[in-house]
Amino acid sequence: MSWKKQSILSAAQFTSADLTEILDLSQRIETALSAKRNLKLLDDFILATLFFEPSTRTRLSFEAAMHRLGGRVISTVGVQFSSLAKGETLFDTLKMVESYSDICAIRHSVEGASSLAAQSIQIPVINAGDGAGEHPTQGLLDLYTIHKRGFLERGKLKIAFVGDIRFGRTIHSLVQLLSHFGAEMVFISPDELQLPDKYRRLLDAAKISYTETHDIAALRDVHVGYITRIQEERFTDHREYEKFKDAYIVDLELVEKCRKDIAIMHPLPRLSEVATDLDRHPAAAYFEQANNGLYVRMALILGLLDAGF
Ligand code: CP
């Protein structure tokens, strides 16, 4: 079954052919947008964005994507500004969204919330982050960024994931997508923040080789360093967060000891784990990632609404 006209709930749902198609469509949209500001393909469509956890990039880029496609957006931001705060169930909220819109993107603190949403309504649902689960559209824009940096085509990508690999939902999605490209992976984290078993099993099944270490020096021989924030909001014991929050800091001095063509990625927001002295260095790919989110999310919206381009 094609990725089109479906919900996007997990990176696991994409085939290699789907990924090729999404990368190609994103590239064509990026090229088209360099010539005109609005593609005017979705005049009659409405996107609903339901963000029950904080967001800057994901919500704004989904909304910008819909506007650049000529469509319209309705949104609710934060539980306190929806009728969930008055005790309405998520199911009832979703039934309203189904009547008012053609597609919806949902961010929720509970893992699996977007899957439940997709089972409750008939319009396509996009998982825009479900707790410590997944963030598949971030994984896709990360993949597009790696592709644009020229590393996917080489067929021998070596990538290091750094920081909170246990709770980092963007990592959970990206590792699954990269398994289609035979990437070699290194996980750099404290023992307590290692990759959950569910994703180890997926990598094992895909015969992806990976190593685990505490040592940030492992960044030196990879093509991509994917750095993540320690996810404070997922810790039940705040002392644990305090113990790990400054575990790894990637700065200019460290990057100058790495491969000359390394890309330093981060889904953002960042705290101290990527130093600002790196921002103007050619390795810094994190603002590029956020920019690429627009093209990839335009591609996804077009595909889910089965609109040609
Ligand atoms: N990368 C990402 O999900 O950013 P936001 O939390 O700002 O949406």
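The table for this structure:
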quantity: Cα-based helix-to-principal-axis angle, 57-68 vs the chain, degrees rounded to 10; calculated: 50
quantity: Rounded tilt (10° steps) of 16-33 against the dominant C-alpha axis of the chain; calculated: 80
quantity: Cβ-based net charge around Y226, under 14 Å, with every Lys or Arg adding one and every Asp or Glu removing one; calculated: 0
quantity: Given charges at beta-carbon only (K, R positive; D, E negative), |dipole| of segment 161-203 in Debye; calculated: 200
quantity: Share of carbon and sulfur in the accessible heavy-atom surface of segment 17-87 [1.4 Å probe, %]; calculated: 53
quantity: Two-site FRET efficiency, E288 against S16, from Cβ-Cβ distance with R₀ of 30 Å, rounded to 0.05; calculated: 0.80
quantity: Positive-end extreme of charge dipole, segment 91-153 - chosen from S120, F91, G133 (charges on Cβ); calculated: G133
quantity: Virtual spin-label span in nm between E242 and L271, 7 Å along Cα→Cβ; calculated: 1.2
quantity: Per-residue [θ]222 nm for the chain (sum of -39500 (n - 2.57) over DSSP H runs n ≥ 4, rounded to 500); calculated: -11000 deg cm²/dmol
quantity: Fraction of accessible area attributable to carbon and sulfur, segment 150-284 (%, probe 1.4 Å); calculated: 48
quantity: Per residue, in Å², the accessible surface of segment 203-309 once ligands and nucleic acids are set aside, probe 1.4 Å; calculated: 48
quantity: Accessible area in square angstrom per residue, segment 54-158, 1.4 angstrom probe; calculated: 42
quantity: Relative contact order (percent, whole number), segment 171-309, Cα cutoff 8 Å, 6+ residue spacing; calculated: 20
quantity: Helix 169-178 vs. the chain, principal-axis angle (Cα, 0 to 90°, nearest 10); calculated: 80
quantity: Protection proxy ranking, peptides 275-287, 162-174, average beta carbon neighbours within 10 Å, highest first; calculated: 162-174, 275-287
quantity: Cα→Cβ-extended label distance, 7 Å offset, between D261 and K198, nm; calculated: 3.5
quantity: Net length gained if the chain between E232 and L252 were fully extended (0.36 nm per residue, minus Cα distance); calculated: 4.7 nm
quantity: Relative contact order computed over the chain (Cα-Cα under 8 Å; 6+ residues apart), in percent; calculated: 20
quantity: Magnitude of the charge dipole, the chain, Cβ model with Lys/Arg +1 and Asp/Glu -1, debye to 20; calculated: 760
quantity: FRET efficiency estimate (nearest 0.05) - Cβ-Cβ, Q119 to E88, R0 25 angstrom; calculated: 0.85
quantity: Charge dipole (segment 150-284, unit charges on Cβ, about Cα centre) - positive-most of T236, A217, L271; calculated: A217
quantity: Burial order of peptide ranges 226-239, 59-72, 199-212 (average beta-carbon count within 10 Å, highest first); calculated: 59-72, 226-239, 199-212
quantity: Prolate/oblate/rounded call for segment 104-250, Cα gyration tensor, a/c under 1.5 rounded; calculated: oblate
quantity: Only Lys, Arg (+1) and Asp, Glu (-1) charged, at Cβ; segment 150-284 dipole about Cα centre in debye; calculated: 540
quantity: Which listed pairs, of K158/K207; K148/K207; K4/K198, have C-alpha distances above 23 Å, in listed order; calculated: K148/K207; K4/K198
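The values are calculated or read from the model by the stated rules, or taken from the named source; none is laboratory data. The model shown is predicted, which means the values in this text are computed figures rather than measured ones. Note: ideal-geometry Cβ built from the backbone for every residue, glycine included; neighbour counts use all protein chains shown. Only protein heavy atoms, including side chains, enter the accessible area calculation; ligands, DNA and RNA are left aside. Shrake-Rupley method; radii C 1.70, N 1.55, O 1.52, S 1.80 Å.
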